[in-house]
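Written below as structure tokens is the structure these notes are about.
The values are calculated or read from the model by the stated rules, or taken from the named source; none is laboratory data. Just so we're clear, the structure is a prediction, and the values are computed from it rather than from any experiment. All Cβ positions, glycine included, derive from the backbone under ideal geometry; neighbour counts span all protein chains shown. Please note that ligands, DNA and RNA were not included when accessible areas were found on the heavy atoms of the full protein model with its side chains. Shrake-Rupley method; radii C 1.70, N 1.55, O 1.52, S 1.80 Å.
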Amino acid sequence: MRQDQEDPDQRRSARVYARAGQAWSGPVGSPRGVLYDAVLLDRDGTLIEDVPYNGDPEKVRPVPGARAALDRLRAAGLRLAVVTNQSGLARGYFTEEQMRAVHSRVEELLGRFDAWLVCPHDDADGCDCRKPAPGLVHAAARQLGTSASRCVMVGDIGRDVAAALAAGAAGVLVPTPVTRPEEVAAAGWVAADLPSAVREILRRQEAVRPEPGGERIGTALVVRSDSAGDVLVTGPAIRAVAAGARRVVLLCGPRGRAAAELLPGVDEIIEHPLPWIDPTPAPVDPAAVRDLTARLAAVDADQAVVFTSFHQSALPLALLLRMAAIGRIAAISDDYPGSLLDVRHRVPVGVPEPERALSLAAAAGHRLPDGDEPVLRLRPDALPPLPAGLGDPGYVVLHPGSAASSRACPPELATRIAGALSAAGHRVLVTGGPDERAVTARVAAAGGIDLGGRTDLAGLAAIVADAAAVVVGNTGPAHLAAAAGVPVVSLFAPTVPFGQWGPYRVPTVRLGDAAAPCRDTRAASCPVPGHPCLSDVEPAEVVEALRVLAVAGGGGR
């Protein structure tokens, strides 16, 4: 039985129990180019069979394959911590001594853990770190000498994944018979069992680690011809290529140009629409294709790395690159590339887009330099001064629109959210493009400052960087927030997978119906009347999400 079926609103406390003498301190000595330093694991249902309120060591039964899977993580140099809700202590179902005996038995069977993080409180304690809140995840990261963004949390129910996301960690759901279908639908990363989760964690680690050796090249041509958000999530991979090249030229389309200008590591930009990428392409113009080929040849690149989304093909451009006499070309391709690619890379479905791109960069021989985390970043010198009259940092940005209407927040809902945030004491800035002024004016009238059409992308990035949080759908400003390290309340329409396109490595609370009929359709316009994936979100959920993210009303944080 799931304990949360008896305790539907359990919350954690800041009171954390760590095993004396076992917590590891100091910086984690991870090899260069890896994604994670530590793996955090829920106890009941994830490591051992779920026996509700168990205080008896004799009832401890590891899940199948647990010991071998954990030993693989240890052998890979990853630190391990157990992060577990144990409200049975507060209820008097077992004592702290009995709980420690259970944990000793767990270690006898599964090996030693670097830290144990336990919250013993019940609902009435009013604690603020009980999963799904992120407190224990942050505490575990501190115990292990790292940050939450370099941790991956493995659990069997939705609150485990929610706690990970709210802390900025990766979350893996390993469903059991008591895991609710809606929790499975909402999880961005699902594994069949614990050994499968461990295999994928280690595979992702290795995928971004290039082969040793390799000399720095002269000029690298990198390509991401897509929207602003697509260009932003490719940023870590472009920085990796830049670390291995003296000059980086980025080919992008008109929709991504403004984002390209914000990326570190880019020395020169070539803007050109690609008719096999753009959602509303013009007819193929032979003269324009010849002109593009000539421009690519003039780059005189030693290598080209073609980044694409999971549903796009790199092969048409690879042909032009061959015609431009670029000698080494790397791209992800499920289709047979013939002689068009020198490095044909493949990535399983479900990998976050930044990691997908980083793995291609690694396959091409490039890694992030020491000290550069695999996160989204912007060039600070590219951000303009803020508009006058915004007040001090710490406001909440509400961005209701999107270039794809299927991923926009319904205006009526956005209006109610603005009113609820204002009533809760938050200063609200409503942002949007020039074509969204009518919507932003309507939303801001309910409680906020209307900035619709008043900024370009760089100006919006500057505004986001000073925010306490951003409330936004699956669109470019969510990735701007991730690049600035600003928490996100994600009104995520499931037309594309959350695991690939959700805000990357930044504290996030996801809202909306993850199992709505539009799921995985990639529809640009809402295919279901009434926009049901988001229309049922209550403004109070947004206010509560900000509380979970430690964003206080009144502009505080």
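Per the conditions (1) within 25 Å of Leu173 (Cβ to Cβ); (2) at pLDDT below 50; (3) open to solvent by 60 Å² or more (accessible area, probe 1.4 Å); (4) part of a loop (DSSP other than H, G, I, E, B), the sole criterion not satisfied by Gly21 is (1). Specify the residue that is farthest from Pro181 (Cα to Cα); the eligible residues are those in the stretch 541-557 that are open to solvent by 70 Å² or more (accessible area, probe 1.4 Å) and touching a residue at least 24 places away in the same chain (Cβ under 8 Å). Here the residue is Arg557. If you go through the stretch 256-278 one residue at a time, do you hit one that is exposed (fewer than 15 other Cβ atoms within 10 Å of the Cβ), assigned to a helix (DSSP H, G or I) and of a type in the set (A, V, I, L, M, F, W, C)? No. Only one of the numbered conditions (1) closer than 27 Å to Ala403 by Cβ; (2) modelled with pLDDT of 95 or more; (3) among the charged types (D, E, K, R) is violated by Arg328, and that is (1). Pairs needed: first member in the stretch 326-354, free of Cβ contacts under 8 Å to residues at least 24 places away in the same chain; second member anywhere, aliphatic (A, V, I, L, M) and part of a loop (DSSP other than H, G, I, E, B); C-beta distance under 7 Å; at least 6 residues apart or different chains. Pairs found: Ser333/Ala314; Ser333/Leu341; Val343/Ala364. Contact map, the stretch 57-86: first residue at negative phi, second residue exposed (fewer than 15 other Cβ atoms within 10 Å of the Cβ) and small (Gly, Ala, Ser), Cβ cut-off under 9 Å, separation 6 or more or different chains; pairs are Pro57/Ser104; Arg67/Gly111; Leu70/Gly111; Asp71/Gly111; Arg74/Gly111; Leu80/Gly111. Taken over the stretch 279-315, the criterion of being aliphatic (A, V, I, L, M), within 22 Å of Ile238 (Cβ to Cβ) and open to solvent by less than 50 Å² (accessible area, probe 1.4 Å) is satisfied by Leu292, Leu296, Ala297, Val299, Ala301, Ala304, Val305, Val306, Ala314, Leu315. State all residues of the stretch 210-242 that are in a loop (DSSP other than H, G, I, E, B) and either open to solvent by 10 Å² or more (accessible area, probe 1.4 Å) or over 25 Å from Pro348 (Cβ atoms) (or both); if no residue qualifies, say none. Pro210, Glu211, Pro212, Gly213, Gly214, Glu215, Arg216, Asp226, Ser227, listed by residue number. Taken together, Leu340, Leu315, Leu368, Leu320 contain a single residue that is closer than 24 Å to Leu480 by Cβ and hydrophobic (A, V, I, L, M, F, W, C), which is Leu368. Consider Val496 carefully, then state whether it is within 17 Å of the chain's Cα centre (by Cα) and at pLDDT below 95. Criteria met by Val496. Residue count for the stretch 243-255 under the criterion of being in contact with a strand residue (DSSP E or B) (Cβ under 9 Å, 6 or more places away or on another chain), open to solvent by less than 50 Å² (accessible area, probe 1.4 Å) and outside any strand (DSSP E or B): the result is 2.
Can you list the helices (runs of 4 or more DSSP H) found entirely within the stretch 81-158 that contain at least 1 residues being within 22 Å of the chain's Cα centre (by Cα) and among the small types (Gly, Ala, Ser)? The qualifying helices (runs of 4 or more DSSP H) are 135-143.
Looking across the stretch 191-209, the residues that are more than 9 Å from Ala69 (Cβ to Cβ), assigned to a helix (DSSP H, G or I) and open to solvent by 60 Å² or more (accessible area, probe 1.4 Å) come down to Arg203, Glu206.
Report whether or not Phe492 is out of contact with any Asp or Glu (no Cβ under 8 Å at 6 or more places or on another chain) and open to solvent by 10 Å² or more (accessible area, probe 1.4 Å). Considered against the rule, which asks whether it is out of contact with any Asp or Glu (no Cβ under 8 Å at 6 or more places or on another chain) and open to solvent by 10 Å² or more (accessible area, probe 1.4 Å), Phe492 comes out as no. Leu491 meets all of the listed conditions (1) closer than 16 Å to Cys409 by Cα; (2) in contact (Cβ under 8 Å) with a residue 60 or more places away in the chain; (3) out of contact with any Gly (no Cβ under 8 Å at 6 or more places or on another chain) but one, namely (3). May I ask you to list the residues in the stretch 144-190 that are open to solvent by 10 Å² or more (accessible area, probe 1.4 Å) and at positive phi? Listed by number, the list holds a single entry, Gly145.
Glu49 meets each of the listed conditions (1) under 26 Å from Cys127 (Cβ atoms); (2) without any contact (Cβ under 8 Å) to a residue 40 or more places away in the chain apart from (1). State whether the residues of the stretch 130-138 include one that is crowded, with 24+ Cβ neighbours inside 10 Å, over 22 Å from Val51 (Cβ atoms) and touching a Leu at 6+ places or on another chain (Cβ under 7 Å). Yes, the stretch 130-138 contains a residue that is crowded, with 24+ Cβ neighbours inside 10 Å, over 22 Å from Val51 (Cβ atoms) and touching a Leu at 6+ places or on another chain (Cβ under 7 Å).
Just one residue in the set Ala287, Ala186 is under 30 Å from Arg43 (Cα atoms) and hydrophobic (A, V, I, L, M, F, W, C); that residue is Ala186. Filtering the stretch 108-126 to residues that are open to solvent by 30 Å² or more (accessible area, probe 1.4 Å), under 25 Å from Ala68 (Cβ atoms) and either touching a Lys or Arg at 6+ places or on another chain (Cβ under 6 Å) or without any contact (Cβ under 8 Å) to a residue 40 or more places away in the chain (or both) leaves Glu108, Asp114.
On the stretch given as the stretch 365-401, residues that are more than 27 Å from Ala550 (Cβ to Cβ) and among the acidic types (Asp, Glu) total 2.
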